[in-house]
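A.B. asks: Here you go, one structure.
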Amino acid sequence: MKRTTTGKAAITTSAAVITAMLFAAAVVEGANYKHEEAISKSIVVEDATRLVIESLSGDIIVTGEEGRETIELKIVKIVRADDEEAARKIAESMGVVVTRPDDMIKIETRYPKKGKVKKSIFSFFVERGQSMSISLTLTVPAGMEVIVASASGDVEVARIISDVSASSASGDLILRDIGGDLEAQVASGDITVEDVAGSVSLGSAAGNIVVRNVGGDAEISVATGDVEITSIVGTLELNSYTGDSVVDGVGAVTYEGINGSARFIDVRGAVEASAASGDLNFRVSPVTLVDYHITASSGNIILRFLEVMEGGFVLKAATTSGEINARLPITVTKVDRNRIAGIVRDGHAKVFLETASGNITIEEPEE
């Protein structure tokens, strides 16, 4: 289908205002009425390959559907105000704008500008306790690349076979069944990721991160919050400033922690890990010769081999204040109260473990 020369989306309104409700409900001080409108639109995709959604306030749900050639969009406007007239006036100034720059369809929410209502938006919502939001629910072709940015509100994206990018300044992100790569950032809120075929890049300033089943690599950073990861086929780079981390099933690991413990299970690749304060616990299943370099300023270090690494390794372990427990078939080359060095089997790989304050445990299963 040929794109229209006006550059605007081919939109058909399948239903006008479906419902408008107005009732007294003292939600916040001074906001006694709630006004709600729901509108549905159909957008012809034509040759667009990307969908960009930008929203100031309100939840966003995007679901992919294979074989679809249109975007079905449901818009819900909610206004809380101190009287019916004020609520309706604000709602009339709210809406959604759809444009077609280049190869994308861009959907943006619009709110009243200063001077369009009797008070500015700031005074309306801060001084009088009123609020407004536009929630969006979309069913889209599964093959479109999806980019979603929300200032305030939860974002859910599912069943997209292309790349996805999602961000929210304040709100949770739920991202499932993504066929391409995934990038997600949130300033305040949790991130939940499930079943991504490609690689993921995730960041949270304040909130927990849960990741399950990633087919590629993962790069994850969290300032304040816990991290729970299950099954990453590729490598993991994890930075955690305040919070605990648990990882089960991963290739190589690069980890940096400031304040919090970290536990890694079934690590198949090399490990480069450091922590300022917190225990580091690794259970590794090397599939080839790999090196392990694990350090902590304050915390215990545990390295348990679930499988024997053929070819062996050279071990160096040291603690300033603590004990070292090594259960290995090791030929010791140096040992004292806080240090041990030696060779395990042929010594082809390298293992370096060091903590300033804490115990060190390293062990292998019996051959």
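The values are calculated or read from the model by the stated rules, or taken from the named source; none is laboratory data. Please read all numbers here as calculations on a predicted model, not as lab measurements. Here the Cβ positions follow ideal geometry from the backbone for every residue, glycine too, while neighbour counts run over all protein chains shown.
A.B. asks: So which residues in segment 195-211 are surrounded by fewer than 24 Cβ atoms within 10 Å (Cβ to Cβ) and either under 15 Å from Val62 (Cα atoms) or small (Gly, Ala, Ser) (or both), if there are any at all?
C.D. replies: Ala197, Gly198, Ser199, Ser201, Gly203, Ala205, Ala206, Gly207
For (1) at pLDDT 95 or above; (2) in the same structural domain as Leu280 (by TED's automatic domain parsing); (3) closer than 23 Å to Val253 by Cβ, each residue gets a yes or a no:
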{"residue": "Tyr292", "(1), (2), (3)": "yes, yes, yes"}
{"residue": "Asn300", "(1), (2), (3)": "yes, yes, yes"}
{"residue": "Leu303", "(1), (2), (3)": "yes, yes, yes"}
{"residue": "Leu306", "(1), (2), (3)": "yes, yes, yes"}
{"residue": "Val314", "(1), (2), (3)": "yes, yes, yes"}
{"residue": "Ala318", "(1), (2), (3)": "yes, yes, yes"}
{"residue": "Val335", "(1), (2), (3)": "no, yes, no"}
{"residue": "Asp346", "(1), (2), (3)": "yes, yes, no"}
{"residue": "Ile360", "(1), (2), (3)": "yes, yes, yes"}
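A.B. asks: Go through segment 199-245 and count every residue that is farther than 19 Å from Arg268 by Cα and part of a loop (DSSP other than H, G, I, E, B).
C.D. replies: Residues that pass the stated criteria total 6.
A.B. asks: Here's a check for you: in segment 277-287, which residue that is at pLDDT 95 or above and out of contact with any Leu (no Cβ under 8 Å at 6 or more places or on another chain) is surrounded by the most Cβ atoms within 10 Å (Cβ to Cβ)?
C.D. replies: Our first condition is that a residue be at pLDDT 95 or above; within segment 277-287, this holds for 277-286.
Still in the list and also out of contact with any Leu (no Cβ under 8 Å at 6 or more places or on another chain): 277-281, 286.
Details: Ser277: 16, Gly278: 23, Asp279: 20, Leu280: 27, Asn281: 19, Pro286: 22.
Going through the qualifying residues, I end up with Leu280.
A.B. asks: Take the residues in segment 315-353 that are within 16 Å of Ala275 (Cβ to Cβ) and touching a residue at least 60 places away in the same chain (Cβ under 8 Å), then tell me which one is surrounded by the most Cβ atoms within 10 Å (Cβ to Cβ).
C.D. replies: Per the criteria, the residue is Leu353.
A.B. asks: Asp190 - would you say it is in contact (Cβ under 8 Å) with a residue 24 or more places away in the chain and over 24 Å from His293 (Cβ atoms)? So that I can check it myself, show each step before the final result.
C.D. replies: Values: in contact (Cβ under 8 Å) with a residue 24 or more places away in the chain: yes; over 24 Å from His293 (Cβ atoms): yes.
The answer is yes for Asp190.
A.B. asks: Inside segment 58-91, can you point out the residues that are over 27 Å from Asp177 (Cβ atoms) and either assigned to a loop (DSSP other than H, G, I, E, B) or of a type in the set (A, V, I, L, M, F, W, C) (or both)? Don't jump to the end; show me each part of the working.
C.D. replies: Just the residues of segment 58-91 that are over 27 Å from Asp177 (Cβ atoms), to begin with: 77-91.
If the condition is that a residue be over 27 Å from Asp177 (Cβ atoms) and either assigned to a loop (DSSP other than H, G, I, E, B) or of a type in the set (A, V, I, L, M, F, W, C) (or both), then Ile78, Val79, Ala81, Asp82, Asp83, Ala86, Ala87, Ile90, Ala91 are the ones that fit.
A.B. asks: Let me ask another. Can you name every residue in segment 153-187 that is in contact with a strand residue (DSSP E or B) (Cβ under 6 Å, 6 or more places away or on another chain), assigned to a loop (DSSP other than H, G, I, E, B) and surrounded by fewer than 19 Cβ atoms within 10 Å (Cβ to Cβ)?
C.D. replies: Listed by number, the list holds a single entry, Asp163.
A.B. asks: I need the full set of residues from segment 237-253 which are among the hydrophobic types (A, V, I, L, M, F, W, C) and surrounded by fewer than 24 Cβ atoms within 10 Å (Cβ to Cβ), in order please.
C.D. replies: Keep residues of segment 237-253 that are among the hydrophobic types (A, V, I, L, M, F, W, C), which gives 238, 246-247, 250, 252-253.
Of everything in segment 237-253, those that are among the hydrophobic types (A, V, I, L, M, F, W, C) and surrounded by fewer than 24 Cβ atoms within 10 Å (Cβ to Cβ) turn out to be Val246, Ala252.
A.B. asks: Of a type in the set (A, V, I, L, M, F, W, C), assigned to a strand (DSSP E or B) and out of contact with any Gly (no Cβ under 8 Å at 6 or more places or on another chain), is that true of Ala318?
C.D. replies: On the way: of a type in the set (A, V, I, L, M, F, W, C): yes; assigned to a strand (DSSP E or B): yes; out of contact with any Gly (no Cβ under 8 Å at 6 or more places or on another chain): yes.
It is true that Ala318 is of a type in the set (A, V, I, L, M, F, W, C), assigned to a strand (DSSP E or B) and out of contact with any Gly (no Cβ under 8 Å at 6 or more places or on another chain).
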